[in-house]
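Readers should treat all values here as calculations from the given coordinates under stated rules, not as data from a laboratory. These numbers were taken from a predicted model, which means no experiment stands behind them. When we count neighbours, we look across all protein chains shown, and the Cβ atoms used for this are built from the backbone with ideal geometry, even at glycine.
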Amino acid sequence: MIVKTMKTFTGIVVLLYIFSFVVETQAQDTLRVMSFNILHGATVENDFNLDSLAGIIKSYDPHLVALQEVDFKTKRAKSYDLPTELGYRTQLAPLFARAMYYDGGEYGEGILSKFSFVTTEKLALPHLPDSEPRAAVIVKVETPNKNIVQFVGTHLDHQKNGKDREMQARALVEHFSNDSTPTLLLGDLNAQPNSETIAILKRVFTQSTVEGARKHTYPSKKPNIKIDYILFNQPNFWKVIDYQVLCENYASDHCIVMATLVFTP
């Protein structure tokens, strides 16, 4: 009787171990994320080709895309709603966050997603009185394995003087410093790796050290500086397995940055 009971107990332990391993393995998600400054749809040839932009995005098959320089019904964008148009063409869910009113419409950040949005938020970023308003668009999404991750897209101030960028970086750090949600921050940060802006962001966010992560991203024809980034908080959750700088120099003056990350809760 004792032997039989011990065998039963051992069998249960083995099954529980196998089950826990399967659950842990299934909980992992592999995510392809992209940051793309779309130059308000104009392309470097100024021919406003949304089909070309959408085709480029689709060709890389990302799960989540952070878009910068996004126009919403401006005159220069021919009154198009760029996030919706690109969402339709890529079959990804679109979202727009206004940073400012501009040219008869709006201008700001966009997100395209293969996943449903659980929550959406716009964070207005601080700026000096004579500077352009800036914003971050923030979403939480549910992954195929039922994990909740946060995806943030932003475009920091472009002026040579870094005061606005540093204010904006501090605002992002303050917003996310007590947020336990696994978070990816992507965008055109207009700041080089050794800048004060990036040092501020590194109080909360990490930059991958894999090959490709240090490559220059601007200008797309002959990149000589890095200003476009994919960052993440809580590095124990994330493993970057691929990082690419993709210089589609017809589509934009910025190179696309794209990474594949394994998320393990």
message = Using 0.36 nm times the number of residues separating K222 and A199, minus their current alpha carbon distance, what extension gain do you get?
response = 5.7 nm
ask   = Between S180 and E121, what is the label-to-label distance in nm when each label sits 7 Å out along the Cα-to-Cβ direction?
value = 1.5 nm
query = How would you classify segment 28-263 from its alpha-carbon gyration tensor, with a ≥ b ≥ c the square roots of the eigenvalues: rounded for a/c under 1.5, else prolate if a/b is greater than b/c, otherwise oblate?
reply = rounded
task = Describe numerically, in nm with one decimal, the distance between label points set 7 Å from Cα along Cα→Cβ at T260 and at D130.
result = 4.8 nm
query = Cα gyration tensor of segment 175-246, axes a ≥ b ≥ c as square roots of the eigenvalues: rounded (a/c below 1.5), prolate (a/b > b/c) or oblate?
reply = oblate
inquiry  = Under a Cβ-only charge scheme (Lys and Arg +1, Asp and Glu -1), can you give me the dipole magnitude of the chain about the Cα centre, in debye to the nearest 20?
reply    = 780 debye
task = Excluding residues fewer than 8 places away in the same chain, name every one of the lysines whose C-alpha is closer than 21 Å to that of K114.
result = K58, K122, K140, K146, K239
query = Taking the chain as a Gaussian network, Cα atoms linked when under 10 Å apart, which of V141, V149, V210 shows the biggest mean-square fluctuation?
reply = V210
message = Taking the Cα centroid of segment 183-211 and of segment 44-67, what is the distance between the two, rounded to the nearest whole Å?
response = 24 Å
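What's the longest piece of the chain with no exposed GluC sites (Glu not before Pro), counting a site as exposed if DSSP puts it in a loop and it has at most 14 other beta carbons within 10 Å?
Longest run free of exposed loop sites: 46-210.
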task = Could you tell me which of rounded, prolate or oblate describes segment 55-143, using a ≥ b ≥ c as the square roots of the eigenvalues of the alpha-carbon gyration tensor, with rounded for a/c under 1.5 and, failing that, prolate when a/b is larger than b/c and oblate otherwise?
result = oblate
ask   = Using a Gaussian network model of the chain with C-alpha springs under 10 Å, which one of K215, K160, K202 is most mobile by mean-square fluctuation?
value = K160
remark   = Quick note on K222, K140, K78, ordering by fewest other C-beta atoms within 10 Å, gives K222, K78, K140
task = Please build a GNM for the chain, connecting alpha carbons under 10 Å apart, and tell me which residue among F205, F72, F176 fluctuates the most.
result = F176
task = Take every DSSP beta bridge whose two residues both sit in the chain, then give the antiparallel share in percent to the nearest 5.
result = 85 percent
